[in-house]
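The values are calculated or read from the model by the stated rules, or taken from the named source; none is laboratory data. Remember, predicted model here, so these are calculated numbers, not experimental data. Positions of Cβ are backbone-derived with ideal geometry, glycine not excepted, and every protein chain shown enters the neighbour counts. All accessible areas refer to the heavy atoms of the entire protein, side chains included, with ligands and DNA or RNA removed. Shrake-Rupley method; radii C 1.70, N 1.55, O 1.52, S 1.80 Å.
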Amino acid sequence: LAKAERARLHRVFAEWLRARSADELVEAQAHHLERAASLASELDGQIPADLRAEAADVLERAGCRALDREANRTARRLLLRAIDLEPSLERRFYAARAAWRLWELPAASVEMEDVRTLAESAGERTIEGLALTQLADIDLNRNADVDRARTLALEALALLSDAPGDARSEALTLLSGIGWWGGDLGSVEQYMAEALEIAR
């Protein structure tokens, strides 16, 4: 088949998959839309805007599903490709989160610092708070810098005051861990009790 026809068929099949199950088959949709985009790029040197946006969206959803099931290497690959096609703050955050989970701490540190800066500029307090939480975790585990980790985690918790419970819980759990590092069992109990209340 000619590349143009292959690209068309990949898009048609991705649409067929979406009509059957938008969520359960999202990884397969992502594969076919990514192939269509790659073929279009090879043919014309550019990707049509609608295909670029659709492929990036589906790649992001597939990457987030992979993160949810701890398939972090797959998540990282899918999210980086989504960023290549159409960068966004959320995609950058999720890709950096995948790097952090893979313990690729140098990359995670640089990328999460960029996310933090972009989130602050955009007024996205939840993403900024989550980025700070992960930067604090990196400082703790890579640099053993307990004081800086505590400072960043407390700043994160303040930013997450109005965020969903799972976001606040990440900062609280980290602060509890920082308490263990410093031998401050009172703070361990305090922060874990707050996280437990969120869980309940």
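With the whole protein complex present, Ile138 retains an accessible surface near 10 Å², based on a 1.4 Å probe. Across the accessible surface of the range 61-200, with the other protein chains kept in place and a 1.4 Å probe, carbon and sulfur atoms take up 50 percent. Surface calculation, 1.4 Å probe, protein heavy atoms: Glu120 sits at approximately 120 Å² accessible. Helix 26-44 and the longest principal axis of the C-alpha atoms of the chain enclose an angle of approximately 60°. Considering only Ala56, Ala136, Ala28, the Gaussian network model of the chain with Cα springs below 10 Å gives its largest mean-square fluctuation to Ala28.
A straight line joining the Cα centroids of the range 62-120 and the range 1-31 runs 24 Å.
Net charge near Gly186: determine it from the other residues with C-beta under 15 Å of the C-beta of Gly186, scoring Lys and Arg +1 and Asp and Glu -1.
Result for the local shell: -2.
Near the amide H of Asp145, within less than 5 Å, lie the amide hydrogens of Leu140, all on another chain or at least 5 residues away, with H placed in the peptide plane. In the full protein context, the chain carries 51 Å² of accessible surface per residue, based on a 1.4 Å probe and ignoring ligands, DNA and RNA. Within the listed set Gly45, Gly179, Gly165, the residue fluctuating most in the Gaussian network model of the chain (springs between alpha-carbon atoms under 10 angstrom) is Gly45. Each Lys or Arg adds one and each Asp or Glu subtracts one; over the other residues with Cβ under 15 Å from the Cβ of Trp103, this totals 0. Residues in the range 55-69 near a label at Leu1, defined as backbone nitrogen under 19 Å from the 7 Å Cα→Cβ point? Of the residues in the range 55-69, 55 have backbone N under 19 Å from the label point off Leu1. Residue-wise HN-Hα couplings along the range 64-77, as the Karplus relation 6.51 cos²θ - 1.76 cosθ + 1.60 with θ = phi - 60° gives them from phi, are 5, 5, 5, 4, 4, 9, 6, 8, 5, 5, 4, 4, 4, 4 Hz; Gly and Pro carry x. Rounded to the nearest 20 debye, the dipole size of the chain about its Cα centre is 820 debye, using +1 on the Cβ of Lys and Arg and -1 on the Cβ of Asp and Glu.
If you take all other residues with their beta carbon under 14 Å from the beta carbon of Thr173, and give Lys and Arg +1 and Asp and Glu -1, the sum is -4. GNM on the chain, alpha-carbon springs under 10 angstrom: the most fluctuating residue among Ala107, Ala66, Ala119 is Ala107.
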